[in-house]
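Below is one structure, written out as structure tokens; the observations come after it.
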Amino acid sequence: MKKIGVLLSVLCVITCSCSVVKQSKVLAKCSFAISGLYDFSIADINLDKVTDINQLNVMDAMKIMAAITNKTAIMTFKVGVNVKNPTNQQAIINKIQWIVDYEGEELLSGCYDEKIVVLPATTTIVKVPVSCDAANFLKGKSIKDVYELYQKLTNKNDTKIPIILKVKPTINNYTFPSYIKLNTNL
């Protein structure tokens with residue numbers, strides 16, 4: 001009876017390992033690109049429909065500035081990531097840990113723990129929710145500076161922000177040992 005339990009355990013490890021290797025090969029052929037930022041807000045003020053700083057009403061501007069001053073300026077948005085799978089097998093990622101580096105410093109980090117399935121020969125847009133305290137890097141900034149940062153982040157002007165996106169995927173309970181670096185411009 002003991003031998004059967006050991007044999008089943010060994011078979012389970014081999015099967016799981018083969019599945020991880022197979023999915024790793026599929027993922028290695030996939031490409032990842034940031035498609036944009038969506039649902040952008042700061043201090044609960046949605047900025048998606050604001051195309052000019054003059055459209056921001058006085059109350060909203062005051063709320064944003066008060067949040068920055070009081071160090072409660074929570075910035076939320078979703079990062080759209082296009083995952084293109086050129087293979088004839090589906091790509092599955094169970095979880096992704098991520099870090100965004102800007103100018104050599106870690107700007108944001110988080111974990112997306114929803115299963116991602118990309119069907120063969122398709123592109124799937126994954127919208128990763130991000131929330132951070134923006135008060136530290138907005139300290140001492142004017143409402144115009146805040147709006148300009150928003151425009152840069154959402155590509156509403158021609159300025160591109162070079163970032164490094166680091167991702168560490170998990171497949172079938174196996175987490176990659178190190179981060180994969182993707183240099184990109186927002």
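As a fraction of the 1.4 Å probe accessible area of segment 48-125, surface on carbon and sulfur atoms comes out at 52 percent.
For a paramagnetic label modelled on residue 66 (point 7 Å from Cα along Cα→Cβ), amide N atoms under 19 Å away belong, within segment 100-135, to 134-135.
Rounded to two decimals, the Cα radius of gyration of segment 71-185 over 2.2 N^0.38 Å is 1.21.
Taking the charge dipole of segment 45-176 about its Cα centre, with +1 at Lys and Arg Cβ atoms and -1 at Asp and Glu Cβ atoms, the residue from 146, 73, 92 reaching farthest to the positive side is 92. The magnitude of the dipole of segment 49-107, with charges of +1 and -1 set on the Cβ of Lys/Arg and Asp/Glu and taken from the Cα centre, is near 340 debye. D by Stokes-Einstein for segment 59-138, Kirkwood Rh over Cα pairs, 4 °C, 1.567 mPa s: 86 µm²/s. Across segment 81-123, the volume of the C-alpha convex hull divided among the residues equals 77 Å³ per residue. Close Lys pairs in segment 79-156, defined as Cα atoms under 20 Å apart and 8 or more places apart or on different chains, number 13.
The values are calculated or read from the model by the stated rules, or taken from the named source; none is laboratory data. Everything numeric in this text was worked out from a predicted model, so none of it was measured. Every residue, glycine as well, gets a Cβ built from its backbone with ideal geometry; the counts of neighbours run over all protein chains shown. Side chains included, ligands, DNA and RNA excluded: accessible areas come from the protein's heavy atoms. Shrake-Rupley method; radii C 1.70, N 1.55, O 1.52, S 1.80 Å.
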